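Structure first, then comments.
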Amino acid sequence: MTSLHHNPSPPLTRSLLGKFFRFLRQPRYAPETGLMPRQILGNVMRLYSLAIALLIPIVIVIQILSSTVIKLDDNKFRDILQNMPLLGFVFLAVVFAPIFEESIFRLPLRYSPLNLSIALILVLSLAGPLFLGQAAPWILLSVLLGIILLSFCLGARLAQRTRTDHVHRWYARHLKGLIYGSAILFGLIHITNYHRGAWAFAPVLVLPQVTLGFFLAYIRLKYGFWWAVFTHALHNFIVTTPLLVLLLGSDQLQQQVLYQSKDVTLAPLDYGLLLVVLGAMVLGLTVTVLSVLKLFKDWQAEKRVLG
């Protein structure tokens, strides 16, 4: 089989961190094969630990800016939490959003007419109502059905007229641009979490999502689409769970969580919930630090062996 690249291969990397760094510099289109699900899960969790370690200082900087310079308003999340049952919010954040967003940003990173069709359907389905505004429901439904039909027709046409190996070669040549582009777009779409007054600070505000996007791209291309969905869902679960736990407390605790109210009297149960959240955060941070240290230890040992 003819290789897609003719450049001399760099020394073989075996450490997970070495593979990830190499992916960022010179990504390869081929998936990683021969791994059992248990091994993949271990790699995914170690990579996610590294992602969390990178995200923590970024989020701290954003919080400092939000209290001093940007003056962010959390009304969007506040409105969602007030108008949606907790179980509905969990489903939206942990199930629907990961599948939907991964289908747009990571699924088409590996070519197939079906992958491109699904991504196109979802993108156009978002754009249709945006341009049509408050159109009648039957108009929106007709547009959506037309988008689905058109996307599958384009996918079928692409499958008939294009040699798959040629497309895979094109992907392999442009993979770095596709990965970096998808990560940046994934971040930019999350600027809608903020009100427009904060959009001037988009490069900082969406940096957590851009960073996570690189990890999700690696996991998607090396281990498969559903592993990326799993990682995305895990991240959303970890991010939203402390908030949801605190919302199980008294009305006073909810006022403090949602509106940052100062003069509130908390119930004994509220202090218990706060301790649970604090304990979980300390445990998670400890596991993250140990995992990241192990990643770097293995990487440094490999560098010494490779010279």
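Observations on the structure shown:
The rows are residues; the columns are (1) part of a helix (DSSP H, G or I); (2) over 28 Å from the mean Cα position of the chain (by Cα).
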position: Val229; (1), (2): yes, no
position: His232; (1), (2): yes, no
position: Thr241; (1), (2): yes, no
position: Gln254; (1), (2): yes, no
position: Lys262; (1), (2): no, yes
position: Tyr271; (1), (2): yes, yes
position: Ser291; (1), (2): yes, no
position: Lys297; (1), (2): yes, no
position: Glu302; (1), (2): yes, yes
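- Extreme residue, farthest from Thr286 (Cα to Cα), among residues of segment 30-44 that are surrounded by 14 or more Cβ atoms within 10 Å (Cβ to Cβ) and in contact (Cβ under 8 Å) with a residue 40 or more places away in the chain: Glu32
Here is a yes/no grid of residues against (1) in contact (Cβ under 8 Å) with a residue 24 or more places away in the chain; (2) crowded, with 21+ Cβ neighbours inside 10 Å:
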residue: Ile179; (1), (2): yes, yes
residue: Leu185; (1), (2): yes, no
residue: Ala198; (1), (2): yes, no
residue: Ala217; (1), (2): yes, yes
residue: Lys222; (1), (2): yes, yes
residue: Trp226; (1), (2): no, no
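- Test: residue in segment 84-98 that is buried (at least 18 other Cβ atoms within 10 Å of the Cβ), without any contact (Cβ under 8 Å) to a residue 40 or more places away in the chain and not hydroxyl-bearing (Ser, Thr, Tyr): no
- Some residue of segment 237-255 being small (Gly, Ala, Ser), under 30 Å from Gly18 (Cβ atoms) and modelled with pLDDT under 95: no
- So Pro242, is it without any contact (Cβ under 8 Å) to a residue 12 or more places away in the chain and either crowded, with 18+ Cβ neighbours inside 10 Å or not aromatic (Phe, Trp, Tyr) (or both): no
- When segment 256-279 is filtered for residues that are modelled with pLDDT under 80 and either surrounded by fewer than 16 Cβ atoms within 10 Å (Cβ to Cβ) or over 20 Å from Pro85 (Cα atoms) (or both), the ones remaining, listed by number, are Tyr259, Gln260, Ser261, Lys262, Asp263, Val264.
The values are calculated or read from the model by the stated rules, or taken from the named source; none is laboratory data. Because the structure is a prediction, the values reported are computed rather than measured. We place every Cβ from the backbone using ideal geometry, glycine too, and count neighbours over all the protein chains shown.
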